[in-house]
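**Q** Handing you this structure, nothing more for now.
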Amino acid sequence: MTGDPVPVTLSDKLKLIADHWHPRIVARLDDYHVKLVKVKGEFVWHTHADQDEMFLVLEGEIVIRMQDRDVGLSRGDLFVVPKGTEHCPFAKEEASLLVLGRADTDQTGGVASELRAEGQEWI
C-alpha cells in the first residue's frame, strides 16, 4: 500500500468480512502483514517452520490447539505460536482476530485444505 498512512478502524473493517478463515490485510509493518479474519469451527493442523504467528482476539473466543496443550483465548487475549509448532485454531462460535505474520507467511504452512485462502487481499 502506498501514500500517506491513515488510521484503520478495525470495527469498520470487520464489517466488510462475511466469510471465515479468509484473512484480509489492513496494514503493513515492515515485512509483516496485519490481518483481520473471522473464524468459526476448526481450521487445519499446520506449522510455520521458520516464523512465529501472533493472534489477538478482538471478539469471541478461540482455542489454539497444539500437540502438547490447548490455549484458550478470549477478547483482548494475545498469543504467539512459536515457529515450528504444529497448531490448529478452533472457534466454537464465530470470533474475530487480528493476526500478525510475515508478509510471505503461507496461511496453512503448505498444507492443502479447502479452508486455505488463495492470494492475499487488502480491505
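The values are calculated or read from the model by the stated rules, or taken from the named source; none is laboratory data. These numbers were taken from a predicted model, which means no experiment stands behind them. Here Cβ is always computed from backbone atoms with ideal geometry, including for glycine, and neighbour counts include all displayed protein chains.
**Q** For region 1-17, give me the residue count where each residue is of a type in the set (Lys, Arg) and surrounded by 15 or more Cβ atoms within 10 Å (Cβ to Cβ).
**A** 1
**Q** Still on this model: Do we find that HIS20 is surrounded by 13 or more Cβ atoms within 10 Å (Cβ to Cβ), outside any strand (DSSP E or B) and touching a residue at least 24 places away in the same chain (Cβ under 8 Å) in this structure?
**A** It is true that HIS20 is surrounded by 13 or more Cβ atoms within 10 Å (Cβ to Cβ), outside any strand (DSSP E or B) and touching a residue at least 24 places away in the same chain (Cβ under 8 Å).
**Q** Within region 25-42, is even one residue crowded, with 19+ Cβ neighbours inside 10 Å and part of a loop (DSSP other than H, G, I, E, B)?
**A** no
**Q** Write out, first by first residue and then by second, each pair whose Cβ atoms fall under 6 Å of each other, whose residues are 6+ apart or on separate chains, and whose first residue, in region 35-48, is on the phi < 0 side of the Ramachandran plot while the second is assigned to a strand (DSSP E or B) and of a type in the set (Phe, Trp, Tyr).
**A** Short answer, once both residue conditions are applied: GLU42/PHE90.
**Q** Are any residues in region 80-101 within 18 Å of HIS33 (Cβ to Cβ) and surrounded by 15 or more Cβ atoms within 10 Å (Cβ to Cβ), and if so, which ones? Break it down into steps so the answer makes sense when it comes.
**A** First, pick out the residues of region 80-101 that are within 18 Å of HIS33 (Cβ to Cβ): 80-81, 83, 89, 96-101.
Result: VAL81, PRO89, SER96, LEU97, LEU98, VAL99, LEU100, GLY101.
**Q** Of the residues that make up region 39-46, is at least one in contact with a Ser or Thr (Cβ under 6 Å, 6 or more places away or on another chain) and more than 20 Å from ARG75 (Cα to Cα)?
**A** The answer is yes; a qualifying residue exists.
**Q** Just the residues that are hydrophobic (A, V, I, L, M, F, W, C), part of a loop (DSSP other than H, G, I, E, B) and either surrounded by 13 or more Cβ atoms within 10 Å (Cβ to Cβ) or at pLDDT 65 or above (or both), please, taken from region 102-123.
**A** Those that are hydrophobic (A, V, I, L, M, F, W, C), part of a loop (DSSP other than H, G, I, E, B) and either surrounded by 13 or more Cβ atoms within 10 Å (Cβ to Cβ) or at pLDDT 65 or above (or both): ALA103, VAL111, LEU115, ALA117, ILE123.
**Q** Say we look at region 43-79 and pick out the residues that are in contact with a strand residue (DSSP E or B) (Cβ under 8 Å, 6 or more places away or on another chain) and among the basic types (Lys, Arg); which of these is surrounded by the most Cβ atoms within 10 Å (Cβ to Cβ)?
**A** Only one residue tops the list, namely ARG65.
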